[in-house]
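Q: After the structure tokens below, expect a handful of questions from me.
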Amino acid sequence: MGERLYLGIDLGTFQSTITASNGESNTIETVVGKPKDPIARNFLKRDTLFGADALKNKLACNIYRPLSSGVAQDDENNLAAAKSFVTHLVDSISPEDFDEVFGVICSPSTISFVDKSNLVSILRGQVNAIMVVSEPFAVAFGLDEVGGSIVVDIGAGTTDIARIYGAFPTEDDQATLDEAGDWVDGILQNLIEKKFTGAQLTKDMVRKWKEEGSYVSGDPREQIVELSVEGKKQVVDIGDLVQIACGELVPYLVSAIKKNVAGADPEYQPILRNNIILSGGGSLIDGIADRVADELADIGDVRVWCVDDPIVRVADGAYKLAMQMPDDQYTAIN
Ligand SMILES: Nc1ncnc2c1ncn2[C@@H]1O[C@H](COP(=O)(O)OP(=O)(O)OP(=O)(O)O)[C@@H](O)[C@H]1O
Ligand SMILES: [Mg+2]
């Protein structure tokens, strides 16, 4: 029998990470660019651009974020973009020396639960057999916390939450919220536009500012940014607005966690309350774990903590699962 390559793949709406048993790993923003016209094609000298390369050339390209929430998954262009993105992601870890590839995939809940056949068609040709798991479960498995925990993965498109107690979580154990990083960015953008009338903003500008200054507790901090108001440079402080926008997420997290605890076997509830794990890029918001813990205090003693390296946590857990699962857990896709 030939050599088999194992992959853990986190397909994120904002960025995707792959970790492979040949020691390679890679994170790429989930963006695909197609040159807009023959001039652009000639200038760029390639038919498809990915990640940071696509963003750098965004004015010369049609830009797709093929796994974004809200993107119609039956749209042909998006499906083609998703497929070429995944091909690029898998190629980036040099799979060609192996005879077969087995992958554990975490995908945005919008495609993994609503239409798995799209996921299969996106992966076909790159991977021989797949197993699909939720982001929270992959995080728990990677951290050796499957014994009893609640994992809250705060991504860009969705916040996925699951209680984990020794086995694969069922649908009942999990919930998905639309309130996540992109949603916070939308709130922040509105707040800035309201305070600085005529401010010209892009989503990417707002997201970067949020990432640079995100926090939820204490006195308002200063965060000076440069923006254009009707073409004219203006230097403003958005620190107070960043705190407000990030803070808006907290009540949604708290109420989803409470519901998740309440639905569990009562004998397990104390264990779950004492091991609430925040992951995903949103867990990088300064002070988020303490804020969530404070607001959960009315359900008893709680412990809320953030994982290290949240951006790679899901793919690491998926990879660890890939290495340990027996073959009968995989589904052959070609
Ligand atoms: N320092 C930070 N403070 C606040 N938010 C951050 C920070 N760093 C990254 N983020 C946000 O985290 C999100 C990306 O996280 P992540 O990579 O976990 O998402 P994803 O896996 O692509 O999305 P999803 O899981 O919803 O498919 C973005 O919204 C990003 O702005
Ligand atoms: Mg994610």
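Bear in mind these aren't lab numbers, they're just calculated from the coordinates by the rules spelled out. Owing to the predicted nature of the structure, the values given are computational and were not obtained by experimental measurement. Neighbour counts run over all protein chains shown; Cβ positions are idealised from the backbone, glycine included.
Q: Remind me, relative contact order of the chain in percent, using alpha carbon pairs under 8 angstrom and six or more residues apart?
A: This gives 20 percent for the chain.
Q: Now for a separate question. Hey, what number do you get for the chain at 222 nm if only DSSP H runs of n ≥ 4 count, each worth -39500 (n - 2.57), divided across all residues, to the nearest 500?
A: Rounded to the nearest 500, the figure is -11000 deg cm²/dmol.
Q: For the chain, with the dipole built from +1 on Lys and Arg beta-carbon atoms and -1 on Asp and Glu ones, taken about the Cα centre, which of Val304, Ala322, Ala54 lies farthest toward the positive end?
A: Of Val304, Ala322, Ala54, it is Ala54.
Q: Could you work out how much longer the chain between Asp290 and Asp53 gets when fully extended? Use 0.36 nm per residue separation minus the Cα distance between them, nm to one decimal.
A: Roughly 81.6 nm would be gained on extension.
Q: Taking the Cβ of Lys36 as the centre, find all other residues whose Cβ is under 14 Å away and add up their charges (Lys, Arg: +1; Asp, Glu: -1).
A: +2
Q: Rounded to the nearest whole Å³, what is the per residue volume of the convex hull around the Cα atoms of the chain?
A: Dividing the Cα hull volume of the chain by its residue count gives 142 Å³.
Q: Using per-residue counts of other Cβ atoms within 10 Å, averaged over each peptide, order 289-299, 142-152 from highest down.
A: Descending packing order for the listed peptides: 142-152, 289-299.
Q: Among DSSP bridges having both ends in the chain, what percentage is antiparallel? Round to the nearest 5.
A: 65
Q: Between Ala156 and residues 5 or more places away or on another chain, which pairs have amide H atoms under 5 Å apart, with H built 1.01 Å from N, and which residues are they?
A: Long-range HN contacts for Ala156: Thr13, Phe14, Gly181.
Q: Okay, moving on. I'd like the distance between the alpha-carbon centres of the range 181-236 and the range 257-318, rounded to an integer number of Å.
A: Going from one Cα centre to the other spans 28 Å.
Q: At a Förster radius of 25 Å, what calculated FRET efficiency corresponds to the Cβ-Cβ distance of Met325 and Ser117, to the nearest 0.05?
A: 0.70
Q: Follow-up question, since we're still on this one. For Lys194, give me every one of the lysines with a C-alpha distance below 18 angstrom, ignoring sequence neighbours fewer than eight places off in its own chain.
A: Lys203, Lys210, Lys232, Lys233
Q: Continuing with this model, one more query. Just order 171-180, 91-100, 154-163 by mean Cβ neighbour count inside 10 Å, highest at the front, would you?
A: Packing proxy ranking, top to bottom: 154-163, 171-180, 91-100.
Q: Give a residue-ordered list of calculated ³J(HN,Hα) values for the range 261-266 (Karplus: 6.51 cos²θ - 1.76 cosθ + 1.60, θ = phi - 60°; whole Hz; x for Gly, Pro).
A: These are the phi-based 3J(HN,Hα) values: 5, 4, x, 8, 3, x Hz.
Q: Next question, about the same structure. Assuming R0 = 30 Å, what is the FRET efficiency of Asp301 and Asp178, from their Cβ-Cβ distance, to the nearest 0.05?
A: So the FRET efficiency works out to roughly 0.50.
Q: I would also like to ask the following. Tell me, what ³J(HN,Hα) does each residue in the range 117-133 have, in order and in whole Hz, if you take phi through Karplus 6.51 cos²θ - 1.76 cosθ + 1.60 with θ = phi - 60° and put x for Gly and Pro?
A: 5, 5, 4, 4, 5, 5, 8, 4, x, 9, 10, 7, 8, 10, 9, 9, 10
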